[in-house]
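Structure first, commentary second.
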Amino acid sequence: MVDSGLNAIDTADVYSSWVSGNKGGESETMIGNWLKRSPARRAEVVLITKVGAAPGPDGKGLSARSIAAGVEASLARLQTDRIDLYLSHRPDANTPIEETLRAYESLVRAGKVRAIGSSNSTAADLREALDTAAAEKLPRYEVEQPEYNLCERAKFEGPLRDLCLAQGIGVIVYYSLASGFLSGKYRSNADLKNAARAGAVEKYLNQRGFRILKALDAVAQAHGAKPAEVALAWLIAREGVTAPIASATNLDQVDSLARATRLKLSAEQIDLLSAASA
């Protein structure tokens with residue numbers, strides 16, 4: 001991955017608790033083992049993880065206690081002394097945002113965290129956090145991580161994007177390929193048989209989804225690229241987006257992700273994709 005020019009690793013303390021037999025933290029542990037085997041890589045990567053959604057009494061929410069326990073557990077699993085970007089996994093209505101930001105302030109001062117951000121925020125959530133940080137002279141959220149892709153546009157486009165642009169907030173989007181649908185791999189219910197992501201993908205098998213795939217196919221053919229590469233290139237070109245998050249399960253997919261960062265779409269091609277996904 002790093003050799004391909006991709007240097008950010010995104011994970012969370014809750015990954016991958018949804019797999020049978022897992023408890024959460026397995027992803028961080030795997031990354032930590034990799035870093036231990038290749039210690040020089042630590043300086044080359046931007047390490048991103050999240051807190052607030054892990055199982056157990058200390059993992060839930062964004063209280064000072066939860067954050068203090070969460071960061072120590074994540075640092076231990078990652079086998080590092082610092083987290084480059086630490087995200088609030090989701091807003092916590094039960095904890096005052098000032099308490100959350102003061103907990104982060106102590107981590108930044110201790111050198112355990114370099115910067116903080118949030119995920120799954122509404123514009124109102126992010127506005128409150130930014131206003132509190134400014135009023136109390138606390139570290140502010142520098143990054144927002146929303147769900148955003150050709151199939152899911154409403155959560156980011158509009159007030160949240162406007163706020164991020166106005167405040168200079170970096171935006172790293174997740175589910176960039178809509179659970180794999182935008183790879184073009186799933187085009188009928190038959191393709192979902194035995195697919196791990198069948199439940200997440202089935203909702204896109206409709207007239208709009210097929211229209212999006214048709215546009216992806218046309219642009220991909222023009223570039224000699226894959227539909228997934230075009231979908232990522234569209235995201236990279238979107239106003240307000242800093243970078244998309246995408247996963248790979250083999251080296252060919254890693255190479256494909258790297259190619260997506262070099263793929264330049266024309267204005268007409270961007271408009272075609274935007275119109276198809278409207």
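The values are calculated or read from the model by the stated rules, or taken from the named source; none is laboratory data. Because the structure is a prediction, the values reported are computed rather than measured. So basically every Cβ, Gly included, is an ideal-geometry build from the backbone, and we count neighbours across all protein chains shown. To get the accessible areas, we keep the full protein, side chains included, count just its heavy atoms, and leave off ligands, DNA and RNA. Shrake-Rupley method; radii C 1.70, N 1.55, O 1.52, S 1.80 Å.
Here are the numbers for the structure shown:
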quantity	calculated
Restricting region 12-26 to residues that are without any contact (Cβ under 8 Å) to a residue 60 or more places away in the chain and under 16 Å from Tyr174 (Cα atoms), the residue that is surrounded by the fewest Cβ atoms within 10 Å (Cβ to Cβ)	Ser16
Counted residues, region 185-221 - those being closer than 27 Å to Ser266 by Cα and part of a helix (DSSP H, G or I)	16
Residue that is nearest to Asp10 (Cα to Cα) [pool: residues in region 133-159 that are open to solvent by less than 10 Å² (accessible area, probe 1.4 Å) and aliphatic (A, V, I, L, M)]	Leu150
Flag for Ala73 being crowded, with 17+ Cβ neighbours inside 10 Å, among the small types (Gly, Ala, Ser) and more than 16 Å from the chain's Cα centre (by Cα)	yes
Unique match (being under 22 Å from Ala246 (Cβ atoms), at pLDDT 95 or above and of a type in the set (S, T, N, Q)) among Ser106, Ser119	Ser119
Scan of region 1-37 for residues that are at pLDDT 90 or above and either within 22 Å of Thr261 (Cβ to Cβ) or in a strand (DSSP E or B) (or both), ordered by number	Asn7, Ala8, Ile9, Asp10, Thr11, Ile31, Trp34
Condition broken by Ile172, with the remaining ones in (1) outside any loop (DSSP other than H, G, I, E, B); (2) farther than 22 Å from Leu6 by Cβ; (3) of a type outside the set (S, T, N, Q); (4) open to solvent by less than 60 Å² (accessible area, probe 1.4 Å) satisfied	(2)
Residues satisfying the stated conditions in region 141-157, i.e. closer than 21 Å to Lys203 by Cβ and touching a helix residue (DSSP H, G or I) at 6+ places or on another chain (Cβ under 8 Å)	Pro146, Tyr148, Asn149, Leu150, Cys151, Glu152
Matching residues in region 181-209 - criterion: being in contact (Cβ under 8 Å) with a residue 24 or more places away in the chain, within 20 Å of Gln253 (Cα to Cα) and open to solvent by less than 20 Å² (accessible area, probe 1.4 Å)	Phe181, Leu182, Gly184
When residues of region 242-258 are limited to those that are out of contact with any Phe, Trp or Tyr (no Cβ under 7 Å at 6 or more places or on another chain) and at pLDDT 95 or above, the one most open to solvent (accessible area, probe 1.4 Å)	Thr242
Unique match (being closer than 17 Å to Tyr141 by Cβ and either surrounded by 14 or more Cβ atoms within 10 Å (Cβ to Cβ) or touching a Ser or Thr at 6+ places or on another chain (Cβ under 9 Å) (or both)) among Ile31, Ile67	Ile67
